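The structure appears below as structure tokens.
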Amino acid sequence: MVKAEKKIRVLVADDSAFMCKVLQEIINADPGMEVAGQARDGRAAVTLAETLKPDVITMDINMPHLDGLQATELIMSQNPRPIVIVSSESREGAESTLRALQLGAIDFVPKPSNGIDLDIRNVRDELTRKLKMAAKVRVVRTATRSKLPMPHAPVPLPSAASTASSALAAKFGGKTPVVMIAASTGGPAAVMRVVSGLQRNLQAAVILVLHMPAAFTSQLVKQLAEIAQLPVKEAEANETVQAGTVYLCPGASHLRLTALGRIALDDGARIDGYMPCADVALDSAAAYARAQTVGVVLTGMGADASKGIKSIRANGGFVIAQDEATSAIFGMPAEAIKTGAVNEVLALDDIAASIERAVAKIAALAPVGAR
């Protein structure tokens, strides 16, 4: 007799009776999942997370008594369970969702823009896929908000610094060195840790490519700017990348670097299922900066970036992958490592220093070896 596969038990936390009903219908309709309980406020979510010990939790942000951020912080610091945020894509919703991801939530599913029953069912596939994926994550106690990277004084975007950047590019044979960082699930929190560790004098442009909707990347720029020592901006079409600046790829576009080091944005169809596609960005960076490229693959589901880092390595660049122990999802880093193109596999908190060493080595070789 074949033993029935154990169902994934989901705790639904939402103060809306309608939303709880729809989420319950979606979850229970999947033969591999079931609703273990419902919480109508954050306080109940914290209690039920401990007593029911669900495999995964869907968490609303706006709830009474304790909101979703407070509940996420308490659950992840006291009795960690995988959490998927179900949140609005509005500016306020995006900001809160990103904070929750920093506090240890695994992923998010955007709420419909209206309360129509059909609209929420449009996210059925995304919700069930992310819940199943999150249920497999080995969660650990995460830092509370007080332990997140501390804000720095605002760093102005470069203006007169462009002259210095041009002089630096001349030193590198007319090319600006590029650090290309790719991430997906668990990426916002990981990227914040890496970017906050990069020093002001970094002699390379840093480009971030994350699998996120446009509303979330525009908000992530603001949150990165709070903790980064380098200026941070959303990438714009036709601008020339400058050393010492962090560029975040807009969520609705693919990003490429042209032969002249300018940013090209393409809002066409998904590539290999991704928008933006990290492989596209990494491959273009390798073609532009060649040996003056550093590729970094952080936590994420899937195999995006594994093709692009092979291009970087083939052109003499340096490749870093996040290790399994510190990855929320060891998908993208694992696939990158399998290619044989990765130079170093490091814990998250060691990656910023490795980037700086790689860029310093490029700088040291540039006068005699720039291409």
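What to note about this one:
- Candidate set from the stretch 273-303 (those that are touching a helix residue (DSSP H, G or I) at 6+ places or on another chain (Cβ under 7 Å) and not hydrophobic (A, V, I, L, M, F, W, C)); member that is nearest to V178 (Cα to Cα): T293
- Out of L257, L298, sole residue that is more than 21 Å from A352 (Cα to Cα) and modelled with pLDDT of 95 or more: L257
- Whichever residue in the stretch 330-353 is among the β-branched types (V, I, T) and touching a helix residue (DSSP H, G or I) at 6+ places or on another chain (Cβ under 7 Å) and, among such residues, is surrounded by the most Cβ atoms within 10 Å (Cβ to Cβ): I351
- For the stretch 1-44, taking the residues that are basic (K, R), assigned to a loop (DSSP other than H, G, I, E, B) and touching a strand residue (DSSP E or B) at 6+ places or on another chain (Cβ under 9 Å), the one that is farthest from L131 (Cα to Cα) is identified as R40.
- Residues satisfying the stated conditions in the stretch 208-241, i.e. in contact with a strand residue (DSSP E or B) (Cβ under 9 Å, 6 or more places away or on another chain) and small (G, A, S): A215, S218, A225, A228, A235, A237
Table: residues versus (1) of a type in the set (F, W, Y); (2) in contact (Cβ under 8 Å) with a residue 24 or more places away in the chain; (3) more than 18 Å from K175 (Cβ to Cβ).
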position	(1), (2), (3)
R313	no, yes, no
E324	no, no, yes
S327	no, yes, yes
M332	no, yes, yes
S354	no, yes, yes
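- Scope the stretch 304-320; condition more than 13 Å from M180 (Cβ to Cβ) and in contact with a Pro (Cβ under 9 Å, 6 or more places away or on another chain); matching residues: none
- Among the residues of this structure, T245 does not count as one that is surrounded by fewer than 19 Cβ atoms within 10 Å (Cβ to Cβ) and among the β-branched types (V, I, T).
- When the stretch 205-255 is filtered for residues that are more than 15 Å from the chain's Cα centre (by Cα) and closer than 11 Å to V191 by Cβ, the ones remaining, listed by number, are I227, A228, V232.
The values are calculated or read from the model by the stated rules, or taken from the named source; none is laboratory data. What you see is a predicted model; the values in this text were computed from it and never measured. Don't worry about glycine lacking a Cβ; one is built from the backbone with ideal geometry, like all the others, and counts go over all protein chains shown.
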